[in-house]
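S.K.: This is the structure I want to talk about, given as structure tokens.
The values are calculated or read from the model by the stated rules, or taken from the named source; none is laboratory data. What you see is a predicted model, and the numbers here were worked out from it, not measured in a lab. In this analysis, Cβ positions are derived from the backbone assuming ideal geometry, glycine residues included, and neighbour counts consider all displayed protein chains. The protein model used for the area step is the full one, side chains on, heavy atoms only, and it has no ligands, DNA or RNA in it. Shrake-Rupley method; radii C 1.70, N 1.55, O 1.52, S 1.80 Å.
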Amino acid sequence: MGIIELQHVNVDFPDKKREVVHAVHDVNLTIEKGDIYGVVGFSGAGKSTLVRTINLLQKPSGGNIKVNGTDFIKDGKQVISNKDLQLARRKIGMIFQNFNLLNEITVVENVAFALKHSGLKDNEVEEKSLKLLELVDLKEKAEFYPAQLSGGQQQRVAIARALANEPDILISDEATSALDPQNTQQILDLLKKLKDELNLTIVLITHEMSAVKKICDKVAVMQQGEIIEKGNLRDVVLHPKNTLTKSFVGGSLEVINTLKSLNLSNLNDEEAIYQLIYSVANVTKTIIIDLYREIGVEASMLYGNVELLDDEPIGTLLVLVKGDNEKQQQTVQFLEKEQVAVTRLNEKGDLYE
Amino acid sequence: MSSWFNKVFPNVINLGWTGDTGWASSIYQTLFMTFWSAIFGGILGIVFGVILVLTKENGVKPNKFWFNLCDKIVSIFRAIPFIILLAFIAPVTQIIAGTQIGMNAALVPLSLGVFPFYARQVQVALESVDQGKIEAAQSLGATTWDIIFNVYLNEARSELARVSTVTIISLIGLTAMAGAIGSGGLGNTAISYGYQRFNNDVTFVATLLVVILIFIVQIIGDFLAKHLNHQNR
Ligand SMILES: Nc1ncnc2c1ncn2[C@@H]1O[C@H](COP(=O)(O)OP(=O)(O)OP(=O)(O)O)[C@@H](O)[C@H]1O
Ligand SMILES: [Mg+2]
């Protein structure tokens with residue numbers, strides 16, 4: 001029994017030309033209590049639409065939705081009263097890309113707004129709001145207006161506000177997308193810390209795989225409204241089944257940026273770029289040399305990186321391999337035998353077709 | 001000084017300060033009409049503006065019937081020229097105010113004349129509130145009343161101050177026309193005692209007073225709009 005259970009969820013939008021956009025199509029997803037569950041995919045994949053069905057900001061056109069043991073939607077029909085939904089929503093925090101703070105009230109008033117129906121007295125609300133701001137390390141900014149804070153600070157206020165009613169679930173929809181790398185890291189660390197301290201379940205939507213690798217323990221990959229792959233982060237990263245997933249798990253942005261800056265001209269028939277992902281512990285350090293010895297191809301390194309995934313070092317390599325078609329096939333077979341996830345890319349870092 | 005004034009503005013002095021035709025009376029009448037019709041028309045306008053924003057297709061409480069009803073009422077009243085509205089709703093005025101002429105009677109057409117204009121301005125001001133803020137409030141379990149007062153009206157308050165200023169200024173213009181039903185006021189003074197009696201000095205002073213009044217409203221409005229805004233500073 002998951003804390004969030006989505007079964008056969010569909011969301012259709014009417015299009016201008018009387019056609020229907022299937023923004024979310026037959027999605028099944030169970031999120032267990034205590035998970036930090038990443039949802040990744042390119043822009044327009046349907047990530048936001050999907051997670052917004054969890055607190056019914058988006059009403060689905062079909063399927064079942066059950067959160068925290070309460071049925072929200074059964075067979076596409078809302079089975080929770082609007083009043084109860086209001087109460088249930090207070091136990092599902094949500095943060096957004098644009099922070100969405102109220103700009104005409106102070107930081108502490110923003111947090112207090114979430115506590116309006118908590119039954120607490122005014123001074124208790126104030127006290128609790130300040131405590132929440134302390135949790136996100138912003139107590140000294142309590143009397144500021146949101147516009148006077150940096151993006152990272154505003155997002156921390158939004159986190160304090162989302163946690164005010166002690167929710168069990170926190171949904172983060174691209175919460176770090178508007179932030180620079182430093183602030184992104186800070187917010188991700190904060191989420192991880194809060195998850196442990198407050199016993200949260202976190203759903204983290206992003207188009208950045210690196211954010212998922214930093215804090216998630218499970219991940220679902222979305223494409224055109226469907227979940228094409230899901231599971232433990234380690235399994236998905238090391239053994240991706242779907243080709244899109246394969247390109248995604250490499251930390252795509254850095255890889256793409258590296259390739260762009262290398263400015264490779266069109267490759268000839270005898271050259272191919274591969275992205276290799278592997279658990280450093282399981283793979284002999286000499287695969288590139290082995291490749292030359294066993295198959296006789298030269299592999300030049302374009303990019304290399306090692307990241308910790310739950311304390312396990314995971315390597316990402318980008319190599320340019322020279323050799324004819326047969327050699328190329330042998331290369332892939334050899335690497336796969338060595339437990340390396342191999343994805344062929346083109347010179348722009350996209351999937352090779 | 002006063003002898004110079006007597007010479008250049010003889011009729012202005014003749015009208016006197018107090019009394020039915022006095023300047024104090026007409027200033028008071030203009031302020032009275034502007035104030036109370038701003039209150040009544042303002043409340044109507046805010047109510048209609050809020051309903052329009054809440055019940056629209058992607059609103060917080062989508063409802064085609066209420067949206068269309070309010071939308072049509074606002075559109076129809078906006079389409080009626082004020083001077084025609086004065087005559088057109090005279091029977092209604094009779095019922096509400098007990099008379100068809102005078103300052104109190106003028107409040108009915110003034111309020112009804114200004115509210116559709118204001119309702120549209122309120123609608124636009126409220127729609128400028130980022131949809132994301134509404135969603136964030138909903139995700140916190142906010143009630144519809146919370147969303148109306150804490151999100152829509154409060155987040156748009158600077159914009160509301162601005163459109164209210166515009167509305168009050170056009171309302172001062174309407175009070176001048178209300179002179180047609182014997183409402184008194186500076187507009188009435190300018191027309192009845194100035195223009196129609198060829199007393200150009202009276203017309204001039206009455207106009208000047210209206211302009212000063214509008215300036216004062218504008219200055220207060222600008223001040224409020226600026227000081228109620230904490231969005232991007
Ligand atoms: N209210 C709406 N009306 C019509 N179409 C919509 C609506 N909301 C989303 N869509 C469509 O549904 C699809 C999925 O959108 P969604 O916002 O869920 O994508 P996303 O994965 O969150 O993308 P991004 O990374 O850009 O935020 C898109 O094709 C979008 O155009
Ligand atoms: Mg999105």
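S.K.: Could you list, ordered by first residue, the pairs with Cβ atoms under 9 Å in which the first is in segment B:119-137 and in contact (Cβ under 8 Å) with a residue 24 or more places away in the chain and more than 10 Å from every other protein chain (Cβ to nearest Cβ) and the second is crowded, with 22+ Cβ neighbours inside 10 Å and in a loop (DSSP other than H, G, I, E, B), at least 6 apart or interchain?
M.R.: B:VAL122/B:ALA156; B:ALA125/B:ALA156; B:LEU126/B:ALA156; B:GLU127/B:ALA156; B:SER128/B:ALA156
S.K.: The conditions are (1) part of a helix (DSSP H, G or I); (2) open to solvent by 70 Å² or more (accessible area, probe 1.4 Å), and A:ILE288 fails exactly one of them. Which is it?
M.R.: Condition (2) is where A:ILE288 drops out.
S.K.: Considering (1) farther than 30 Å from A:PRO14 by Cβ; (2) surrounded by 15 or more Cβ atoms within 10 Å (Cβ to Cβ); (3) not acidic (Asp, Glu), say which one B:GLY16 fails and leave the rest.
M.R.: Going through (1) farther than 30 Å from A:PRO14 by Cβ; (2) surrounded by 15 or more Cβ atoms within 10 Å (Cβ to Cβ); (3) not acidic (Asp, Glu) one by one, B:GLY16 breaks only (2).
S.K.: Being in contact with a Leu (Cβ under 8 Å, 6 or more places away or on another chain) and either under 18 Å from A:LYS91 (Cα atoms) or facing chain A (nearest Cβ under 7 Å) (or both) is the filter here, so list the residues in segment B:145-164 that pass it.
M.R.: Once the filter is applied, which keeps residues that are in contact with a Leu (Cβ under 8 Å, 6 or more places away or on another chain) and either under 18 Å from A:LYS91 (Cα atoms) or facing chain A (nearest Cβ under 7 Å) (or both), segment B:145-164 yields B:ASN150, B:VAL151, B:ASN154, B:GLU155, B:ARG157.
S.K.: Among the residues in segment A:213-225, are any within 16 Å of ligand 2 (Cβ to nearest atom), open to solvent by 10 Å² or more (accessible area, probe 1.4 Å), touching a residue at least 12 places away in the same chain (Cβ under 8 Å) and part of a loop (DSSP other than H, G, I, E, B)?
M.R.: yes
S.K.: To continue, here is another question. Can A:GLY34 be described as under 20 Å from the mean Cα position of the chain (by Cα), more than 16 Å from ligand 2 (Cβ to nearest atom) and part of a loop (DSSP other than H, G, I, E, B)? Let's see the steps before the verdict.
M.R.: Working: under 20 Å from the mean Cα position of the chain (by Cα): yes; more than 16 Å from ligand 2 (Cβ to nearest atom): yes; part of a loop (DSSP other than H, G, I, E, B): yes.
Answer is yes for this residue.
S.K.: Same structure, new question: Among the residues of segment B:189-205, which ones are open to solvent by less than 30 Å² (accessible area, probe 1.4 Å) and either within 14 Å of another protein chain (Cβ to nearest Cβ) or charged (D, E, K, R) (or both)?
M.R.: Across segment B:189-205, the qualifying residue is only B:ASP201.
S.K.: In segment A:176-199, is there at least one residue being within 14 Å of chain B (Cβ to nearest Cβ) and not β-branched (Val, Ile, Thr)? Explain how you work it out, then say what you get.
M.R.: Kept after step one, since they are within 14 Å of chain B (Cβ to nearest Cβ), are these residues of segment A:176-199: A:177-178.
Keeping just the survivors that are not β-branched (Val, Ile, Thr) gives A:177-178.
Yes.
S.K.: Given the conditions (1) under 27 Å from A:GLN154 (Cα atoms); (2) within 14 Å of chain B (Cβ to nearest Cβ); (3) surrounded by fewer than 19 Cβ atoms within 10 Å (Cβ to Cβ); (4) within 16 Å of ligand 1 (Cβ to nearest atom), and given that A:GLN86 satisfies all but one, which numbered condition is not satisfied?
M.R.: It fails just one condition, (4).
S.K.: Pull out all pairs, ordered by first then second residue, where Cβ-Cβ is under 7 Å, the residues are six or more apart or on different chains, the first lies in segment B:206-233 and is free of Cβ contacts under 8 Å to residues at least 12 places away in the same chain and within 12 Å of chain A (Cβ to nearest Cβ), and the second is among the polar types (S, T, N, Q) and not in a helix (DSSP H, G or I).
M.R.: B:HIS230/A:ASN103
S.K.: Go through segment A:136-173 and count every residue that is open to solvent by less than 20 Å² (accessible area, probe 1.4 Å), more than 11 Å from chain B (Cβ to nearest Cβ) and part of a loop (DSSP other than H, G, I, E, B).
M.R.: 4
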